[in-house]
Ligand SMILES: [Mg+2]
Ligand SMILES: [Zn+2]
């Protein structure tokens, strides 16, 4: 599923060989804060624009990603609509809020890909065992096709093992941002662990410097 409301470029770069590099970003817990639901005793996505809060330095991190000549692309499971937790129009409004807040800070995402499906969805049309729900790599692969991305030289940044598994399955490097849902499953060990998206961007920059020096 694709939302291009806040695309930085009006059309994707068209090249035969995948030469663009990207940082794939999970949304909740990476760009914006998770919301604690007392009733359910768990951290969840925001389900209203009021609940959407950008995390500190997230916008700066995206600027830094662009300075490295990499695309910043959101790949996110958003099963809230499927589970009846929010309306599709609210998900769009929250995406709009994210883009607006980033724009106010001088940055724009290059694209946003959501998986809206869930195997136990109450909304039947979305009860699909799809290829795009992370830990599957479908969203990353869709983005890679559209934007001609060299996956081996790209990164997946997320706050759960699902994100890391999807990144590994797509052939990307992986970085985990610490958070309350961040227990690391066997086989889902990230290359690096950091405390924020900004730290992830710094890590990627350091790695780029190392490969310039020694290759
Ligand atoms: Mg997350
Ligand atoms: Zn899906």
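The values are calculated or read from the model by the stated rules, or taken from the named source; none is laboratory data. Quick caveat, the model's predicted, so the values are computed rather than measured. Methodologically, a virtual Cβ is constructed for each residue, glycine included, from the backbone with ideal geometry; neighbour enumeration extends over all protein chains shown.
With respect to (1) touching a residue at least 40 places away in the same chain (Cβ under 8 Å); (2) within 16 Å of ligand 2 (Cβ to nearest atom), the lone exception for residue 141 is condition (1).
Each residue in the stretch 4-27 was checked for being away from ligand 2 (no atom under 16 Å from the Cβ) and at pLDDT 95 or above, and 5 of them qualify.
Being more than 14 Å from ligand 1 (Cβ to nearest atom), over 24 Å from residue 199 (Cα atoms) and at pLDDT 95 or above is not true of residue 63.
Conditions (1) in contact with a strand residue (DSSP E or B) (Cβ under 7 Å, 6 or more places away or on another chain); (2) at pLDDT below 95; (3) closer than 27 Å to residue 21 by Cα, marked per residue:
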{"site": "125", "(1), (2), (3)": "no, no, no"}
{"site": "130", "(1), (2), (3)": "yes, no, yes"}
{"site": "141", "(1), (2), (3)": "no, no, yes"}
{"site": "145", "(1), (2), (3)": "no, no, yes"}
{"site": "149", "(1), (2), (3)": "yes, no, yes"}
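Here is a yes/no grid of residues against (1) in contact (Cβ under 8 Å) with a residue 24 or more places away in the chain; (2) within 23 Å of residue 70 (Cβ to Cβ); (3) within 14 Å of ligand 2 (Cβ to nearest atom):
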position: 115; (1), (2), (3): yes, yes, yes
position: 128; (1), (2), (3): no, no, yes
position: 137; (1), (2), (3): yes, yes, yes
position: 160; (1), (2), (3): yes, yes, no
position: 166; (1), (2), (3): yes, yes, yes
position: 175; (1), (2), (3): yes, yes, no
position: 187; (1), (2), (3): no, no, no
position: 191; (1), (2), (3): no, yes, no
position: 202; (1), (2), (3): yes, yes, no
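Filtering the stretch 111-132 to residues that are surrounded by 20 or more Cβ atoms within 10 Å (Cβ to Cβ) and in a loop (DSSP other than H, G, I, E, B) leaves 116, 117, 118, 132. Scanning the stretch 28-69 for residues that are under 14 Å from the mean Cα position of the chain (by Cα) and part of a helix (DSSP H, G or I) yields 58, 59, 61, 62, 65. Close Cβ contacts (under 8 Å, 6 or more residues apart or on different chains) running from residues in the stretch 87-105 that are surrounded by fewer than 20 Cβ atoms within 10 Å (Cβ to Cβ) to residues that are assigned to a helix (DSSP H, G or I) comprise 101/59; 105/59; 105/60.
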